[in-house]
1. Based on what the data block shows, is residue 305 closer than 23 Å to residue 365 by Cα and more than 15 Å from the ligand (Cβ to nearest atom)?
2. Scan segment 347-369 and give yes if some residue there is at pLDDT 90 or above, within 16 Å of the ligand (Cβ to nearest atom) and either closer than 18 Å to residue 311 by Cβ or within 31 Å of the chain's Cα centre (by Cα) (or both), otherwise no.
3. Select from segment 313-337 the residues that are buried (at least 20 other Cβ atoms within 10 Å of the Cβ) and within 14 Å of the ligand (Cβ to nearest atom) and list them in ascending order.
4. If only one of 421, 415, 397 is at pLDDT below 80, farther than 30 Å from residue 337 by Cα and within 16 Å of the ligand (Cβ to nearest atom), which one is it?
5. Six or more apart or on different chains, Cβ under 7 Å: which pairs go from a residue in segment 381-397 that's within 16 Å of residue 328 (Cα to Cα) and assigned by TED's automatic domain parsing to the domain that holds residue 324 to one that's within 13 Å of the ligand (Cβ to nearest atom) and assigned to a helix (DSSP H, G or I)? Could you list them?
6. With respect to residue 299, is the statement that it is more than 11 Å from the ligand (Cβ to nearest atom), within 13 Å of the chain's Cα centre (by Cα), buried (at least 21 other Cβ atoms within 10 Å of the Cβ) and over 30 Å from residue 388 (Cα atoms) true?
7. Regarding residue 262, is this residue within 30 Å of residue 325 (Cα to Cα) and either within 10 Å of the chain's Cα centre (by Cα) or assigned by TED's automatic domain parsing to the domain that holds residue 213 (or both)?
8. Residues of segment 287-296 being more than 16 Å from the ligand (Cβ to nearest atom) and surrounded by 23 or more Cβ atoms within 10 Å (Cβ to Cβ), which ones?
Ligand code: SF4
């Protein structure tokens, strides 16, 4: 039976803006952003990184525009970039104006750093005349000192007030092509600030946990903040701020959106069982080998690596393709149906070759070519494995018995046929 289709909460309605060819907000797909780490003046090096980021899933890329050479670099980068370019502006109004001259598709202004109302209005008016959107990029770490004092710190209210004040300046020059971010490195603060921003504004929101740090901790922090909000329907574009190669940021952003069902799968989704006493192979090793090979070939499928044929194909029946081990051979399955049996040392090779064929010919065509004897061979292997290890391959019965003895002073052992399995991996009748 197919599992029910569920999705995260409905997107909260926001206005739609356009960053170059990419729509943000107003029901557009949530987009992924990242930022280059090269000197923007290094045109070839920056373009190389932009291409790598686009390849990893970035829809929009930001480059710093901190000096004249950077603005000049942008003039050469923008026409050759595969994705829209946003210029990151902090202190210098002339850099914002130079970036607009360079033809960037968006600006990011930090209200904590560019503070003079006349300068803010000048940039907004120029952006308005050129149809270029601006992100009001509030950051808890660089909040305007007056707001810090007024609110007694970088509170959610202070961050949202900073954005509101900047919007008021934009209003004065009739500029409304805006998205907003209220980032913090503290995840709880970031979540609260964005919730408040979402209640306060109808402008699209750019989500991020700033200075999240290196992976894996940085990935966990950024995901905790961004995913929580996306699951509530908040957020129109996202950026992971990792202390790592920015390609990691783009990849993580894309993977998160795919995992939440907010973007169509473009890359591989490798699922693998956690392994247990029933495993017939080294699941971690095979899964890593398969992941490397499938990623190299940019296979856009959900592929499963399962430790045994007793439960593997059933547990991973939603995967497009998978392999399960049994008695020194691999059982290749498509949507849960065993289609071929291969020698154990050829499992990864067979998996990759079948994945390529599915991409070229489609799932139905490959299912139609299934080896009819494969299901029978899998049934034999299941039977043999069950008789070798029994229904309770993890010795759960023994543990349950011990627990019952300790707690209740010695209750009878459970019937082995009805044995429970902590990972939900009991015999085939329960798969
Ligand atoms: S029972 Fe489940 S977890 Fe254990 S090896 Fe088989 S598929 Fe993996």
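1. no
2. Yes, segment 347-369 contains at least one residue that is at pLDDT 90 or above, within 16 Å of the ligand (Cβ to nearest atom) and either closer than 18 Å to residue 311 by Cβ or within 31 Å of the chain's Cα centre (by Cα) (or both).
3. 313, 315, 316, 319, 322, 323, 324, 325, 326, 330, 331, 333
4. Working: 421 fails: farther than 30 Å from residue 337 by Cα; 415 fails: within 16 Å of the ligand (Cβ to nearest atom).
Going through 421, 415, 397 in turn, the sole match is 397.
5. The qualifying pairs are 382/428.
6. Numbers: more than 11 Å from the ligand (Cβ to nearest atom): yes; within 13 Å of the chain's Cα centre (by Cα): no; buried (at least 21 other Cβ atoms within 10 Å of the Cβ): yes; over 30 Å from residue 388 (Cα atoms): yes.
So residue 299 fails the test.
7. Answer is no for this residue.
8. 294
The values are calculated or read from the model by the stated rules, or taken from the named source; none is laboratory data. As the structure is a prediction and not an experimental result, all values here were calculated from the model. Because the Cβ atoms are built from the backbone with ideal geometry, glycine has one as well, and the counts that use them run over all protein chains shown.
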